Amino acid sequence: MSVARFWRETPRRYNLGGSKCTNCNTVYFPPRSVCPTCPSHRKTLEKMVPFQLSGEGTVYSFTVVHDAAEGFEMQVPYVLALVKTVEGPMLTGQVVDVNPPEVKIGLRVRATFRKLREEGAAGVIHYGYKFAPAGEAGAGPEPRARLAPVASSPAGSSDRAPA
Ligand SMILES: [Zn+2]
């Protein structure tokens, strides 16, 4: 089995391993070795435990990127969002499986492990997390269902380009 296939078939490995302060219950991602929230940082050294984020959260802020960074040219326009996870930490990531006009603040999303980019012909592939809409679209076997009009769809969003 190829490495890429291994990762695709291991959906729980989102690389979202953070840490949690058992003193004040604050979750950190990336993980921290001491808790900056607690009054005495030093005392929290042995209070920090590994914590796996669920990857679920809501879009807190986002921007539609039209000028892609090198290696992302094929993907424009794409949505880069600040996602507030249910556990607290803010994550930055691309929102996929949705048309940019459909992304809204408050949209429920879930981290998904995807290929980020490929370098050169030799194909050094980087994997990491991206976000996809959570809810019905993620649960159904028919991915096209997510293109169905939703109740919150604003007027003027009829400019969806076919994929
Ligand atoms: Zn703490």
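Summary table below
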read-out	value
Any hit, the range 19-27, residues being away from the ligand (no atom under 16 Å from the Cβ) and surrounded by 19 or more Cβ atoms within 10 Å (Cβ to Cβ)	no
Among (1) within 25 Å of Lys20 (Cα to Cα); (2) surrounded by 17 or more Cβ atoms within 10 Å (Cβ to Cβ); (3) modelled with pLDDT of 90 or more; (4) of a type outside the set (Val, Ile, Thr) - the single one Tyr129 does not satisfy	(3)
Failed item, numbered, when Asp97 is tested on (1) at pLDDT below 95; (2) in a strand (DSSP E or B)	(2)
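The values are calculated or read from the model by the stated rules, or taken from the named source; none is laboratory data. Quantities reported herein were computed from a predicted structural model and do not represent experimental measurements. In this analysis, Cβ positions are derived from the backbone assuming ideal geometry, glycine residues included, and neighbour counts consider all displayed protein chains.
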